[in-house]
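Report on one structure; see the data block that follows.
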Amino acid sequence: MKKKLIIFMPSIEGGGVEKNLFLVSNFLIKKIENVSIITISKKYKKKFNNDIEFITLSSIIWDKLSRRFKYFLSIFLLIREILKNKNIIVFAFQANIYCIIVCKLFSIKVIARSNSAPAGWSRNTLKRVIFKFCLNLADKVMVNSIQFKRDLKKQFNVNATCIYNPLNYDEILKNSKKKSKKIFSNKRQLKILNIGRFTEQKDQMTFLKALNKIKGIIKFEAVIVGRGKLHKDLLEYIKRNDLNKFVKIINFVENPFTLLKQTELFILSSKYEGLPNVLLEALTLNKFIISSNCPTGPKEILLNGKGGLLFNVGNHNQLSKKILFYMTNKKKCLKMLRYAIKNLYRFDYQSNLKKYLNLVNQIS
């Protein structure tokens with residue numbers, strides 16, 4: 001490909017989208033001669049291949065701004081690059097609408113990667129109109145689950161390309177073996193783990209409510225890993241309901257695989273997702289999963305409930321029953337886990353990365 005590829009990701013924060021960003025960027029630079037990334041987040045530069053040009057601002061002070069401010073600063077950087085050279089293709093991993101509008105104003109081809117289900121960003125009529133118009137302007141729209149693709153077609157008349165998240169099996173196993181502090185203290189109790197930002201989307205409050213219902217029925221230890229604006233609310237609920245002996249919260253870590261390795265049961269409580277990497281990582285490390293049946297991703301990963309247990313979004317009563325079911329039906333759950341692991345081939349690292357390259361080549 002003779003054109004320069006610019007990957008647009010204003011705010012890199014260390015979540016699931018970022019994991020895909022690192023994998024995809026470092027793969028594409030091996031296949032495409034000229035790849036750049038536009039971002040305000042300089043602290044993650046070491047995650048990228050040295051051959052990738054880093055387009056950012058000189059001071060790290062800008063990385064402390066809110067995500068919205070980073071969007072506008074990155075748009076400025078994008079316009080500056082376009083004015084220098086129009087022989088480019090832009091691949092937006094974030095701030096899709098802003099990026100699409102700018103690219104179309106300058107007649108630049110753009111791929112928009114939508115990261116989370118429409119349920120999270122199309123809650124009012126005006127937003128739906130704007131997203132429908134702008135997404136249809138993009139040269140390609142990419143999503144990471146089949147249900148996500150169907151939802152975009154149904155709600156926005158967008159013909160998206162589905163590419164599953166590339167699962168780097170070897171890297172997960174390697175990182176899981178690194179030294180780490182123990183997060184569980186009692187080997188005889190059920191060890192439960194939840195990882196995610198402390199936001200409304202991840203809905204750890206439903207998780208805590210379910211634990212509160214079973215605290216007098218089974219013996220367990222639960223750990224919640226993350227950071228975010230709802231941290232204080234979660235701590236207050238734990239204190240108010242005397243859950244301190246059962247639940248603890250620890251801060252976000254760069255390598256969650258050592259923590260996943262220590263648990264027995266992983267629970268995802270999200271209201272919406274795209275294709276949650278953490279579920280793929282948990283399965284890679286042979287951990288049984290109970291997940292909300294949120295749009296989109298968990299149902300696909302867990303094969304409609306044949307590879308793990310699903311509960312309705314926000315229903316803590318259902319979740320508590322699923323945990324108790326796991327405790328009394330471990331042999332059956334083990335068979336489900338084996339079935340889910342057997343079907344992880346769908347997320348193969350190399351084959352899905354090649355699909356990214358093919359997508360870029362289609363509009364070059």
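The values are calculated or read from the model by the stated rules, or taken from the named source; none is laboratory data. Bear in mind that the values here come from a model prediction, so they are computed numbers and not experimental data. Please note: Cβ atoms are built from the backbone with ideal geometry, for glycine as well, and neighbour counts cover all protein chains shown. For the accessible areas, the whole protein counts, side chains as well, though only heavy atoms, and no ligand, DNA or RNA atoms are used. Shrake-Rupley method; radii C 1.70, N 1.55, O 1.52, S 1.80 Å.
Here is how the numbers come out for the structure above:
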| item | result |
| --- | --- |
| Lone unmet requirement of (1) touching a strand residue (DSSP E or B) at 6+ places or on another chain (Cβ under 9 Å); (2) at pLDDT below 90 for Q94 | (2) |
| Candidate set: region 301-343, residues that are more than 21 Å from the chain's Cα centre (by Cα), in contact (Cβ under 8 Å) with a residue 24 or more places away in the chain and not in a helix (DSSP H, G or I); chosen: the one farthest from I214 (Cα to Cα) | K306 |
| Inter-residue pairs, beta-carbon under 6 Å, first more than 12 Å from K354 (Cα to Cα) and among the β-branched types (V, I, T) and in region 16-29, second open to solvent by 30 Å² or more (accessible area, probe 1.4 Å) and not in a helix (DSSP H, G or I), 6+ apart | V17/N115; I29/N49; I29/D51 |
| For L137: the one exception among (1) open to solvent by less than 90 Å² (accessible area, probe 1.4 Å); (2) outside any loop (DSSP other than H, G, I, E, B) | (2) |
| Hey, I290 in contact with a Ser or Thr (Cβ under 8 Å, 6 or more places away or on another chain) and at pLDDT 95 or above or not | no |
| Among (1) open to solvent by 10 Å² or more (accessible area, probe 1.4 Å); (2) part of a helix (DSSP H, G or I), the one test that K187 misses | (2) |
| Enumeration of residues in region 102-134 that are touching a residue at least 24 places away in the same chain (Cβ under 8 Å), open to solvent by 40 Å² or more (accessible area, probe 1.4 Å) and more than 23 Å from L302 (Cα to Cα) | K104, F106, K109, R128, I130, F131, K132 |
| Pair list, Cβ under 8 Å, 6 or more apart: region 229-252 residue in contact (Cβ under 8 Å) with a residue 24 or more places away in the chain, other residue polar (S, T, N, Q) and assigned to a helix (DSSP H, G or I) | L230/Q204; L234/Q204; N241/N212; L243/N212 |
| Filter result for Y98 (open to solvent by less than 60 Å² (accessible area, probe 1.4 Å) and either outside any strand (DSSP E or B) or more than 18 Å from S25 (Cα to Cα) (or both)) | no |
| Test: F76 is open to solvent by 50 Å² or more (accessible area, probe 1.4 Å), in a helix (DSSP H, G or I) and closer than 24 Å to K202 by Cβ | no |
| Qualifying strands (runs of 3 or more DSSP E) (wholly inside region 1-60; at least 1 residues being of a type in the set (S, T, N, Q) and open to solvent by less than 30 Å² (accessible area, probe 1.4 Å)) | 35-38 |
| Residue match in region 151-161 (condition: open to solvent by 10 Å² or more (accessible area, probe 1.4 Å), modelled with pLDDT of 95 or more and not in a loop (DSSP other than H, G, I, E, B)) | yes |
| Residues within region 284-333 that are aliphatic (A, V, I, L, M), under 28 Å from V143 (Cβ atoms) and open to solvent by 10 Å² or more (accessible area, probe 1.4 Å), tallied | 5 |
